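Working notes, structure below.
The values are calculated or read from the model by the stated rules, or taken from the named source; none is laboratory data. All values derive from a computational prediction rather than experimental measurement. All Cβ positions, glycine included, derive from the backbone under ideal geometry; neighbour counts span all protein chains shown. Heads up: the accessible areas ignore ligands, DNA and RNA and are worked out on the full protein's heavy atoms, side chains in. Shrake-Rupley method; radii C 1.70, N 1.55, O 1.52, S 1.80 Å.
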Amino acid sequence: MKKTTYILGSIEIILGMLLLCAHSMIQNVMPVLGRVAYQAAAAGSYSPRDYEVSMPFVIAAAIALILAGIAQMIYCAMRKTDSL
């Protein structure tokens, strides 16, 4: 049972880090894609602020996953018996 908890905790931590990485990539790529679209359409005015992405829920979910994974692993390490 301990191994299962460690595996699930590790998966949660990895998913949280992947969410943070995906958010970072999207945040960096969107202004570049906006500039490319503006140049292709040649209409209007381009401002990088128009393409900034704010996703607080994704960041909160990623942090919650990481903390939950760490808590699971600590709980499993502190538990004295394997019965459950």
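This table checks each residue for (1) at pLDDT below 85; (2) not small (Gly, Ala, Ser).
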| position | (1), (2) |
| --- | --- |
| Ala41 | yes, no |
| Pro48 | yes, yes |
| Glu52 | yes, yes |
| Met55 | no, yes |
| Ile59 | no, yes |
| Ala71 | no, no |
So is Met25 of a type outside the set (Phe, Trp, Tyr), closer than 23 Å to Cys76 by Cβ and open to solvent by 70 Å² or more (accessible area, probe 1.4 Å) or not?
-> no
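For every residue, the table says whether it meets (1) within 23 Å of Leu8 (Cβ to Cβ); (2) surrounded by fewer than 15 Cβ atoms within 10 Å (Cβ to Cβ); (3) touching a Gly at 6+ places or on another chain (Cβ under 9 Å).
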{"position": "Ala37", "(1), (2), (3)": "no, yes, no"}
{"position": "Met55", "(1), (2), (3)": "no, yes, no"}
{"position": "Val58", "(1), (2), (3)": "yes, no, no"}
{"position": "Ala68", "(1), (2), (3)": "yes, no, yes"}
{"position": "Met73", "(1), (2), (3)": "yes, no, yes"}
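Please specify each residue of segment 45-65 satisfying the condition of being in a loop (DSSP other than H, G, I, E, B) and of a type in the set (D, E, K, R). Please lay out each step first, then the result.
So in segment 45-65, the residues in a loop (DSSP other than H, G, I, E, B) come out as 45-47, 52-55.
Result: Glu52, single match.
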